[in-house]
1. Kindly indicate the residue of the range 24-53 that is open to solvent by 90 Å² or more (accessible area, probe 1.4 Å) and aliphatic (A, V, I, L, M) and also modelled with the lowest pLDDT among those meeting that condition.
2. Within the range 54-79, can you find the residues that are surrounded by fewer than 14 Cβ atoms within 10 Å (Cβ to Cβ), at pLDDT 95 or above and assigned to a loop (DSSP other than H, G, I, E, B)?
3. In the range 38-65, what residues are closer than 17 Å to Pro2 by Cβ and of a type outside the set (Asp, Glu)?
Amino acid sequence: MPLDSLLIEILVDPEDKQPLYYFADDEVLYNPRLRRSYEVRDGIPILLITEATAVDDEEHERRNAALSSATATGAGPSG
């Protein structure tokens, strides 16, 4: 289930309070600064630091290369 567009506007990382990247195909929110990913379950982002997955170098490079296909979050309301 895709992430709601209103959530995309406001979501930021719970630790550094900066935008995330939403990979809809993988249902993952990714923070390249902290090399951390958060799962999205049934359209609900699991933004608990203790539930986050640390990303290794290979996954970090893969995600960074694909940022152009991801949706940036935390831009605020558009309109």
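1. This residue is Ile44.
2. Asp56
3. Just the residues of the range 38-65 that are closer than 17 Å to Pro2 by Cβ, to begin with: 38-47.
Result: Tyr38, Val40, Arg41, Gly43, Ile44, Pro45, Ile46, Leu47.
Yes/no matrix, rows are residues, columns are (1) out of contact with any helix residue (DSSP H, G or I) (no Cβ under 7 Å at 6 or more places or on another chain); (2) under 17 Å from Asp56 (Cβ atoms); (3) not in a loop (DSSP other than H, G, I, E, B):
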residue	(1), (2), (3)
Pro2	yes, no, no
Glu9	yes, no, yes
Pro14	no, no, no
Asp25	yes, no, no
Tyr30	no, yes, yes
Arg33	yes, yes, no
Ser37	yes, yes, yes
Val40	yes, no, yes
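The values are calculated or read from the model by the stated rules, or taken from the named source; none is laboratory data. The structure displayed is predicted, hence computed values, not measured ones. As a convention, Cβ positions derive from the backbone with ideal geometry for all residues, glycine included, and neighbour counts pool all protein chains shown. These accessible areas exclude ligands, DNA and RNA; they are computed on the full protein's heavy atoms, side chains included. Shrake-Rupley method; radii C 1.70, N 1.55, O 1.52, S 1.80 Å.
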